[in-house]
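The values are calculated or read from the model by the stated rules, or taken from the named source; none is laboratory data. The structure presented is a predicted model; accordingly, all values stated were derived computationally and were not measured. As a convention, Cβ positions derive from the backbone with ideal geometry for all residues, glycine included, and neighbour counts pool all protein chains shown. These area figures cover heavy atoms from the full protein model, side chains too; ligands, DNA and RNA do not enter into them. Shrake-Rupley method; radii C 1.70, N 1.55, O 1.52, S 1.80 Å.
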Amino acid sequence: MSVRTGESVFDWIDTRAEARAKAGLARRVRPRPADSTDLDLASNDYLGLARDKRVTGAAAAATLRWGAGSTGSRLVTGSTELHTELEYELANFCGTQSALVFSSGYLANLAALTALSGPGTAIVADQHIHASLIDGTKLSKADVVVAGHCDVPQVAHALSTRGKRRALVVTDSVFSVDGDLAPLAELAAACREHDSALVVDDAHGLGVVGDGGRGAVHAAGLAKAPDVVTTVTLSKSLGAQGGAVLGSGRVIRHLVDTARTFIFDTGLAPASVAASLAALRILREEPDRPARALEVAQDLAFRLKDKGFAVSTPTAAVVSIQAPSPEAAFDWAEACRAQGVVVGCFRPPSVPDRISRLRLTARADLSDGEIERAVRVITETGASAGAVSRRP
């Protein structure tokens with residue numbers, strides 16, 4: 001009788017890995033040094049605050065005062081006075097009644113969708129929503145309908161023909177792949193007409209869109225709407241880590257009582273809370289930062305489009321350039337990195353339309369010289385990687 005060693009149990013993983021490699025979809029973790037001299041066009045540090053000494057100093061001071069971690073669930077020992085202060089200032093800045101902080105934006109989205117839906121609910125989701133929202137719909141146990149991208153009539157039809165009493169419409173505000181803006185006012189009107197709620201992931205809007213960077217929901221005049229719930233991250237414009245749900249007092253109280261990713265998760269570390277709070281205060285004091293981030297994005301898009309590339313029109317800080325294939329996108333990004341310019345490489349399944357892209361994220365602290373360098377490197381490497389622009 002042969003002895004079973006267990007080595008073959010995960011052989012299927014090798015088969016899947018080979019298939020991904022052949023399709024140009026293999027991924028790898030690439031640690032970066034603390035003192036990198038590369039030009040960063042891949043991070044989500046839109047306002048250039050992640051290394052601001054006021055932000056890092058606040059994080060260090062909070063660690064010394066409160067400790068390295070929050071020590072438990074927020075319903076046990078994981079809530080500090082800092083958490084409450086951040087929630088108050090976030091709600092005040094964004095114009096909502098209340099806010100609830102989570103240890104990531106991903107968990108904030110899971111909380112909003114699972115706690116506000118269930119078997120008696122219909123969810124109508126834009127086909128380009130973020131992966132965390134997709135996972136939230138899957139965990140919700142609701143009836144889910146996927147509507148065309150930014151297709152308000154299709155959303156309204158799905159709401160009018162739903163078989164459940166309650167309904168949620170789910171969308172990003174600024175979509176993470178191409179940086180386009182959802183028609184929030186029109187979606188809110190459709191929701192109101194059909195007695196439904198609107199859940200908006202404003203991760204890429206906060207700090208860039210609207211008056212002083214108050215976000216796309218605020219810009220659409222929906223921040224105080226009782227039937228609109230907003231989620232945000234603290235890891236993009238605020239340069240820290242974590243997420244939050246913003247909405248009416250009763251919605252936030254409901255999440256405290258029922259959201260599993262709040263009840264059963266360790267609270268956000270005090271360092272991240274303090275860093276987010278410091279960054280939010282800087283944003284209040286320096287309201288020109290959001291406009292500069294948008295200006296940089298538009299400048300990058302204009303220059304690259306002028307070179308003949310298929311470039312998105314930015315409404316926030318995200319700019320994407322289409323690549324002919326996953327392999328070409330990967331080679332192009334690697335060639336940029338070799339010349340000291342780090343860009344994002346988006347390939348399936350990260351792109352809902354299966355079109356691979358380079359994704360650039362603009363930062364408010366980029367200089368005109370850095371923008372010129374980025375355009376030159378992207379243009380030169382695009383040709384050598386086979387991602388030739390449309391111009392001869």
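Among the numbered criteria (1) touching a Gly at 6+ places or on another chain (Cβ under 7 Å); (2) in a loop (DSSP other than H, G, I, E, B); (3) among the β-branched types (Val, Ile, Thr), which single criterion is violated by THR114?
That leaves (2) as the condition not met.
HIS157 versus (1) farther than 12 Å from VAL199 by Cβ; (2) outside any helix (DSSP H, G or I); (3) not hydroxyl-bearing (Ser, Thr, Tyr): which is the lone unmet condition?
For HIS157, the failing item is (2).
Go through the range 204-234 and give me each residue that's touching an Asp or Glu at 6+ places or on another chain (Cβ under 9 Å) and open to solvent by 30 Å² or more (accessible area, probe 1.4 Å).
The answer is HIS218, ALA219, ASP227.
Show the residue pairs meeting these rules: Cβ distance below 8 Å; 6+ apart or different chains; first residue within the range 252-269 and in contact (Cβ under 8 Å) with a residue 60 or more places away in the chain and of a type in the set (Ser, Thr, Tyr); second residue in a helix (DSSP H, G or I) and open to solvent by less than 80 Å² (accessible area, probe 1.4 Å).
THR258/ALA115; THR261/LEU107; THR261/ALA108; THR261/LEU110; THR261/ALA111; THR261/THR114
Let me spell it out: the conditions are (1) in contact with a Leu (Cβ under 7 Å, 6 or more places away or on another chain); (2) open to solvent by less than 20 Å² (accessible area, probe 1.4 Å); (3) outside any helix (DSSP H, G or I), and THR315 meets all of them except one. Which number is the exception?
It is condition (2) that THR315 fails.
Residues VAL29, VAL76, VAL55, VAL9: which one is at pLDDT below 95 and either within 21 Å of the chain's Cα centre (by Cα) or within 30 Å of PRO226 (Cα to Cα) (or both)? It would help to see each step written out before you state the result.
Numbers: VAL76 fails: at pLDDT below 95; VAL55 fails: at pLDDT below 95; VAL9 fails: either within 21 Å of the chain's Cα centre (by Cα) or within 30 Å of PRO226 (Cα to Cα) (or both).
Result: VAL29 is the single residue among VAL29, VAL76, VAL55, VAL9 that is at pLDDT below 95 and either within 21 Å of the chain's Cα centre (by Cα) or within 30 Å of PRO226 (Cα to Cα) (or both).
Which members of the range 335-387 meet the condition of being in contact with a Leu (Cβ under 9 Å, 6 or more places away or on another chain), in a loop (DSSP other than H, G, I, E, B) and of a type in the set (A, V, I, L, M, F, W, C)?
Passing the criteria: ALA362, ALA364, LEU366, ALA387.
Within the range 133-143, is even one residue in contact (Cβ under 8 Å) with a residue 40 or more places away in the chain and either under 20 Å from the mean Cα position of the chain (by Cα) or in a strand (DSSP E or B) (or both)?
Our first condition is that a residue be in contact (Cβ under 8 Å) with a residue 40 or more places away in the chain; within the range 133-143, this holds for 133.
Subsequent filtering for residues that are either under 20 Å from the mean Cα position of the chain (by Cα) or in a strand (DSSP E or B) (or both) retains 133.
For the range 133-143, residues in contact (Cβ under 8 Å) with a residue 40 or more places away in the chain and either under 20 Å from the mean Cα position of the chain (by Cα) or in a strand (DSSP E or B) (or both): present.
Report yes if some residue within the range 324-331 is buried (at least 22 other Cβ atoms within 10 Å of the Cβ), touching a residue at least 24 places away in the same chain (Cβ under 8 Å) and touching a helix residue (DSSP H, G or I) at 6+ places or on another chain (Cβ under 9 Å); otherwise report no.
No, the range 324-331 contains no residue that is buried (at least 22 other Cβ atoms within 10 Å of the Cβ), touching a residue at least 24 places away in the same chain (Cβ under 8 Å) and touching a helix residue (DSSP H, G or I) at 6+ places or on another chain (Cβ under 9 Å).
Pick from THR161, THR231: which is β-branched (Val, Ile, Thr), modelled with pLDDT of 95 or more, farther than 24 Å from ILE282 by Cα and out of contact with any Cys (no Cβ under 9 Å at 6 or more places or on another chain)?
Details: THR231 fails: farther than 24 Å from ILE282 by Cα.
Criteria check complete, one pass: THR161.
From the residues in the range 20-36 that are of a type in the set (A, V, I, L, M) and exposed (fewer than 11 other Cβ atoms within 10 Å of the Cβ), which one is farthest from ALA333 (Cα to Cα)?
ALA34
Can you confirm whether GLY179 is over 19 Å from THR315 (Cα atoms) and touching a residue at least 40 places away in the same chain (Cβ under 8 Å)?
Against the criterion (over 19 Å from THR315 (Cα atoms) and touching a residue at least 40 places away in the same chain (Cβ under 8 Å)), GLY179 does not qualify.
Return yes when ALA108 is small (Gly, Ala, Ser), crowded, with 18+ Cβ neighbours inside 10 Å, within 24 Å of the chain's Cα centre (by Cα) and closer than 12 Å to LEU246 by Cα and no when it is not.
yes
Identify, please: which residue in the range 86-135 is touching a strand residue (DSSP E or B) at 6+ places or on another chain (Cβ under 7 Å) and charged (D, E, K, R) and is, among those, nearest to GLY163 (Cα to Cα)?
Out of the qualifying residues, it is ASP126.
Do you know which of the residues in the range 1-46 that are polar (S, T, N, Q) and part of a loop (DSSP other than H, G, I, E, B) is farthest from GLY205 (Cα to Cα)?
Among them, the one singled out is SER2.
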